[in-house]
């Protein structure tokens, strides 16, 4: 039985899973990333977790053949094997995670890329992008990530950090991001951005909403999408505004690499047409004639829960 | 002697030249594109011009070996060999120019791409980009074009039209372009855009400029750059505004494909640091930390006059 291990390092939790060659997660485990202040301690814990997962699986499954270990991590650099200046992890600076794991584990291949790139590779290998040579994966979550395929290859760029679509400017002098920069896409179209828009719209319109009895903490892209689905006007306006900005940004991106499709992944996408319809309308509006009515905007074919692990495993699945 | 023919189809003139394998134009000729209303008539004229150029050259040079014919054209599609919906040519619709020339001429290879892609290929083959695997060529002229290299390959995208950076939105609800779209980069940072900014600044500030005695027709990116060089405040402010917007747009583009350098080509670039300095400052300001102080913005290494022909020839230079 041919297998790979996929690891998703997130700001809150780190999950590791055993993935079959057809993209099924056969066993998985997780621990809290936030407990670790040093990359070294984290690497110790991660390698122990992987060994345990692997040993337990081999105990009840015969003739396992391991193709390798793939990792998706915030600011994970495929070219250097390092996590560099991660915005959401407690261990700062540069952590040579691939080297640290190579010293602790015995896999033929250990590879890492960032989380959105891992999702793109997963979509290409196991999801809805199998037939696409040129496509862009967009992950909407706390942030907004992207992974870009050109001519059947993931674009890494000269230093391994290509695909930072979330940080592209969309509104000059707009909302602040964590870096002190202003008006970038993820401030508007990530799950966090959708929440900010909803609160801003209440502030501007001074109207009541269907979510007024919910604690502020529960106002999220998910609850806003549900309220929009039920017809709440401010929630609908929020999804419409989000779609219009996202569509314009995807159009600008399409003009650069000319993908055949965008695949959207993440919580906000579950709002379905309430988000996708204004996105597609704005997208077409902002294209030039030679690009119109050619490029699809599609929901990801990856299952929400396991996508990050599957994508990471796809890095080393032959 | 190994040779290629390069053709630059422009809105006003079409130029054809014989190019050596080290990128030197050995002989060239031109005729007015604007005379031709049909692609068929144009193809007849172009093939006659090429035959004449080639015959004349062979008459005085022994043992010429022709590697092929390369063409740069507005909306020239490398994948289909067609000029599709060109905005500035009199023959509209789709013209299968490669096929028409194959029927009329006897070259082993005839290839076409758009003018900015041809310039990028020329920069890679003969200019300042030889050592760069990931770079972006920006051509500033009547419009703003771009050609993108990723991993030593020009990016064509799924339908051959990648690299339309000039049409990316930079100011929501900004200036109109010929397609009725608003706020796209080339309305601000092309030579034409610089002229529009200068006139707008006079309108807003109501001040006199160093160009007040020149006929309106002579107000151009070139004369404005000259006035800026001599210290005219409105001309300086125009170049500053242009650089700030261009730098922001290049930063957004860098975040997507992560090039090691941008090469700027065209008339406005001759303004030198008056344009490049605010461009670089704005570029760095709009990057996230992992991208800062890594990516160069450099003047093109191609000679202004011959770049388009050299780039087109590079398409078929082995």
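For the reader, a short list of remarks on this structure follows.
- Test: residue in segment B:295-308 that is surrounded by 24 or more Cβ atoms within 10 Å (Cβ to Cβ), within 14 Å of another protein chain (Cβ to nearest Cβ) and modelled with pLDDT of 95 or more: yes
- Summed over segment A:31-46, residues that are surrounded by 18 or more Cβ atoms within 10 Å (Cβ to Cβ) and part of a helix (DSSP H, G or I) total 5.
- For residue A:70, the conditions (1) touching a helix residue (DSSP H, G or I) at 6+ places or on another chain (Cβ under 9 Å); (2) over 25 Å from residue A:157 (Cα atoms) are fulfilled apart from (2).
- Evaluating residue A:211 against the criteria (1) outside any loop (DSSP other than H, G, I, E, B); (2) away from every other protein chain (no Cβ under 14 Å); (3) in contact (Cβ under 8 Å) with a residue 12 or more places away in the chain leaves one unmet condition, (1).
- Residue B:260 vs. criteria closer than 16 Å to residue B:146 by Cα, in contact (Cβ under 8 Å) with a residue 40 or more places away in the chain and surrounded by fewer than 21 Cβ atoms within 10 Å (Cβ to Cβ): yes
- Lone qualifier among B:131, B:85 - being within 21 Å of residue A:251 (Cβ to Cβ) and surrounded by fewer than 19 Cβ atoms within 10 Å (Cβ to Cβ): B:85
Residue-by-condition table, conditions (1) at pLDDT 95 or above; (2) not assigned by TED's automatic domain parsing to the domain that holds residue B:253:
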| site | (1), (2) |
| --- | --- |
| B:53 | yes, yes |
| B:79 | no, yes |
| B:87 | no, yes |
| B:93 | no, yes |
| B:150 | yes, no |
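- Residue selected from segment B:163-208 under the condition buried (at least 24 other Cβ atoms within 10 Å of the Cβ), in contact with a strand residue (DSSP E or B) (Cβ under 7 Å, 6 or more places away or on another chain) and part of a loop (DSSP other than H, G, I, E, B), by the criterion nearest to the other protein chains (Cβ to nearest Cβ): B:168
- Of the listed requirements (1) touching a strand residue (DSSP E or B) at 6+ places or on another chain (Cβ under 6 Å); (2) outside any helix (DSSP H, G or I), residue A:280 misses just one: (2).
- Qualifying residue in segment B:61-70 (condition: crowded, with 22+ Cβ neighbours inside 10 Å and in contact (Cβ under 8 Å) with a residue 60 or more places away in the chain): yes
Residues checked against (1) under 20 Å from residue A:132 (Cβ atoms); (2) touching a residue at least 24 places away in the same chain (Cβ under 8 Å):
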position	(1), (2)
A:225	no, yes
A:231	no, no
A:234	no, yes
A:239	no, yes
A:244	no, yes
A:253	yes, yes
A:267	no, yes
A:282	no, yes
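- Flag for residue B:241 being within 14 Å of chain A (Cβ to nearest Cβ) and either buried (at least 24 other Cβ atoms within 10 Å of the Cβ) or not in a helix (DSSP H, G or I) (or both): no
- Strands (runs of 3 or more DSSP E) enclosed by segment A:55-162 - at least 1 residues per element that are within 12 Å of chain B (Cβ to nearest Cβ): A:82-84, A:110-114, A:135-140, A:144-150
- Test: residue in segment A:135-144 that is surrounded by fewer than 23 Cβ atoms within 10 Å (Cβ to Cβ) and not assigned by TED's automatic domain parsing to the domain that holds residue A:39: yes
So that you can scan it fast, the table gives a plain yes or no per residue for (1) under 21 Å from the mean Cα position of the chain (by Cα); (2) within 14 Å of chain B (Cβ to nearest Cβ); (3) surrounded by fewer than 20 Cβ atoms within 10 Å (Cβ to Cβ); (4) within 21 Å of residue B:256 (Cα to Cα):
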{"site": "A:251", "(1), (2), (3), (4)": "yes, yes, no, yes"}
{"site": "A:255", "(1), (2), (3), (4)": "no, yes, no, yes"}
{"site": "A:267", "(1), (2), (3), (4)": "yes, no, yes, no"}
{"site": "A:271", "(1), (2), (3), (4)": "yes, no, no, no"}
{"site": "A:278", "(1), (2), (3), (4)": "no, no, no, no"}
{"site": "A:281", "(1), (2), (3), (4)": "no, no, yes, no"}
{"site": "A:284", "(1), (2), (3), (4)": "no, yes, yes, yes"}
{"site": "A:288", "(1), (2), (3), (4)": "no, yes, no, yes"}
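The values are calculated or read from the model by the stated rules, or taken from the named source; none is laboratory data. Only a predicted model underlies this, so the values are computations on that prediction, with no experimental measurement involved. Heads up, the Cβs are rebuilt from the backbone with ideal geometry, glycines too, and the neighbour counts pull from every protein chain shown.
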